[in-house]
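Accompanying notes for the structure given below.
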Amino acid sequence: MTVLERFPRVRVVLDHMARPIVEDGPPYAAAARLFSLARYGNLYLKLTTHNVRESCSGKATPESFFARVVAEFGASRVAWGSNFPASEGSLPGLLAEARAALAALPQRDRDWIFFRTAQSLYPALAGLEKSRAAPAASPETESIIPKSGSSNPRKKEHR
């Protein structure tokens, strides 16, 4: 049993898409291990500058590779990340590279990859951040949080 199977409600983001080997080109047999992970609905891919640049190696093309990634995982499970400042180039330059590499995908897929997936993974990015106020006590926590206001039951308050 894998971690993904054991914890199916935990969303896992695979950085750099696990750096698959893509030089063989379509149908990307060397990247079969990556594509085999698509069956786990809780696995998301972070597509970075490494992936963008490596998609141009050997017989691979960005158009064919990223089309296969989206066909296998769905755009809603792929999120672009610049890898800035670790990747060489300016942030606007890295974004331009990624946009060019994904230009053949439909606009709705690019929307998911460039912002909607990240918003679904990190709701604060979508302005959905809840109040930062302390949560109200529930019946489970009322018994362990003394009325003194301290969360440490051994702490003595001195007034």
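A few points about this structure:
- Residues that are out of contact with any His (no Cβ under 9 Å at 6 or more places or on another chain) and closer than 23 Å to PRO85 by Cβ within region 1-43 comprise VAL13, LEU14, ASP15, ALA18, listed in sequence order.
- Exactly one residue among GLY25, GLY41 is assigned to a loop (DSSP other than H, G, I, E, B), out of contact with any strand residue (DSSP E or B) (no Cβ under 6 Å at 6 or more places or on another chain) and within 21 Å of TRP112 (Cα to Cα), and that residue is GLY41.
- Taken over region 57-108, the criterion of being crowded, with 19+ Cβ neighbours inside 10 Å, among the aromatic types (Phe, Trp, Tyr) and touching a Ser or Thr at 6+ places or on another chain (Cβ under 9 Å) is satisfied by PHE65, PHE66, TRP80.
- Matching residues, region 44-66, being assigned to a helix (DSSP H, G or I) and either of a type in the set (S, T, N, Q) or over 26 Å from GLU5 (Cα atoms) (or both): THR49, HIS50, ASN51, VAL52, ARG53, GLU54, PRO62, GLU63, SER64, PHE65
Values in this text are rule-based calculations from the coordinates and carry no lab data. Remember, predicted model here, so these are calculated numbers, not experimental data. Don't worry about glycine lacking a Cβ; one is built from the backbone with ideal geometry, like all the others, and counts go over all protein chains shown.
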